[in-house]
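The block underneath contains the structure these notes are about, expressed in C-alpha cells.
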Amino acid sequence: MYLTYYNGQWTEGNVPLYGAMDHSLWLGSSVFDGARALRGKLPDLRPHLERVIASSEKLGLRCPLSVDEMEALVRAGVAKFPADAELYIRPLVFGTEGFLIPVAESSQFALTLFDAPLPPFAGFSACLSTMLRPQPTMAPTDAKASALYANSTRAMREAQARGFDQAILLDADGNVAEFAASNLFIVAEDGAVVTPRLNGTFLAGITRARVIALLASEGVHVEERTVAPEELRTAREIFSTGNYGKVTPCTRYEDRTLEAGPVARRARELYLAFTEAS
C-alpha cells in the first residue's frame, strides 16, 4: 500500500507529482529523507524531519512545512495503516520553477508512506566498488539529495553484475566511506568496533549515530577513524546501519565468509529495544 499526502490531501497509489518542465525532473533538484514506523513506534522521527529541511536549504530549496507540521502529517498517515504495520516514511521536497537555479519559494512537498517490513537479521554479500564517493567540492554530499543516488545505484549494479548484493565505496583518498546506501561498521582484527570518520563524503546517518550511542550505553566504544580497505580483509565483523534495515550483517565480503557476529547482533537488539521504548 502506498499513501501520499500532496496538495492538502491523502491519496492511495503512485501519485503523479511532476510536470515535464519541473526543475526537479529536469535538473534533479529534489531531496528526501527516510524514517520508519514500526508497529506504531516512530524512532528518531524528528531528526529525520529536521534533516529534510536542512537538505532542502543545501540544494537551494525551501521545505514548505515545519518539523511540527510534518510530524503531525506523519502521525496522521501512520494511523491510516494497521497497528502492526512496518512502514517506510519518505518526506520529499522538490523544485518546480527555475531555469538552472531552482526558485526556492516554489518548492513543493509530498509525504509518502508505504509498507516495508523490516528485513530479518540475515546476511548479505558485498564487494569493493570501483566507484568513489564524491568530495564535498564535487557534489552536495551534505544533503540527502536524490541526484546522489545515481552514484549509489551505479555501484550496486556493478556489484550485482559480479554476484554480490551490495557495494562498498571508497572516498577520493582511497579510504572506506560506506556501503552504497548505508553506513558501515567493522569489528577490527584487534576487537575494536570502528566506523569511518565523517569527512564530508557521506551522510552522518541518524541510525549510525543512534547505534554508536546505544553501544556506548553498554560500555562498547565505537572508534570513528580512517578505515583502510585492507582492514575489510581482516575484520571480524562487517555490518551496516541505515533507515531501511537498521542493523544488518555482511556475511560475505569478496571471497571471505564472515559471521553475523555478536556486536552486530547486540546493536540490532539494542536498536529494537530503543524503538519499543520510543
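Pairing each residue of segment 125-149 that is farther than 28 Å from Arg233 by Cβ with any residue that is open to solvent by 60 Å² or more (accessible area, probe 1.4 Å), provided the two are 6+ apart or on different chains, yields C-beta distances under 6 Å for Pro140/Lys58; Asp142/Lys58; Ala143/Lys58.
When the helices (runs of 4 or more DSSP H) confined to segment 1-93 are screened for residues that are over 19 Å from Ser106 (Cα atoms), those reaching at least 1 such residues are found at 45-58, 67-78. Of the residues that sit in segment 202-234 and are part of a helix (DSSP H, G or I) and within 24 Å of Thr257 (Cβ to Cβ), which one is nearest to the chain's Cα centre (by Cα)? Result: Val211. Annotation for segment 236-247: at least one member residue is of a type outside the set (Val, Ile, Thr) and over 20 Å from the mean Cα position of the chain (by Cα). Here Gly40 meets each of (1) within 14 Å of Leu87 (Cβ to Cβ); (2) in contact with a Pro (Cβ under 7 Å, 6 or more places away or on another chain); (3) small (Gly, Ala, Ser) with one exception, condition (2). Here Ala122 clears all of (1) at pLDDT below 95; (2) buried (at least 16 other Cβ atoms within 10 Å of the Cβ) except the condition numbered (2).
For the criterion of being modelled with pLDDT under 95 and either within 16 Å of the chain's Cα centre (by Cα) or surrounded by fewer than 15 Cβ atoms within 10 Å (Cβ to Cβ) (or both), Tyr88 fails. If the condition is being of a type in the set (Val, Ile, Thr) and in contact with a Cys (Cβ under 9 Å, 6 or more places away or on another chain), then segment 206-241 contributes only Ile238.
Arg265 - would you say it is assigned to a helix (DSSP H, G or I) and touching a residue at least 60 places away in the same chain (Cβ under 8 Å)? Spelling it out, Arg265 is indeed assigned to a helix (DSSP H, G or I) and touching a residue at least 60 places away in the same chain (Cβ under 8 Å).
Okay, residues lined up against (1) closer than 24 Å to Arg210 by Cβ; (2) of a type in the set (Asp, Glu); (3) in contact with a Ser or Thr (Cβ under 9 Å, 6 or more places away or on another chain); (4) without any contact (Cβ under 8 Å) to a residue 40 or more places away in the chain:
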site	(1), (2), (3), (4)
Met1	no, no, no, no
Pro16	no, no, no, yes
Ala20	no, no, no, yes
Lys58	yes, no, no, no
Pro64	no, no, yes, no
Ala72	yes, no, no, yes
Lys80	no, no, no, no
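Do we have Val52 as free of Cβ contacts under 8 Å to residues at least 40 places away in the same chain, open to solvent by less than 30 Å² (accessible area, probe 1.4 Å) and closer than 21 Å to Ser278 by Cβ here? No, not satisfied.
The values are calculated or read from the model by the stated rules, or taken from the named source; none is laboratory data. No experiment lies behind these values; they were computed from the predicted model shown. All Cβ positions, glycine included, derive from the backbone under ideal geometry; neighbour counts span all protein chains shown. Accessible surface areas use protein heavy atoms only, side chains included; no ligands, DNA or RNA. Shrake-Rupley method; radii C 1.70, N 1.55, O 1.52, S 1.80 Å.
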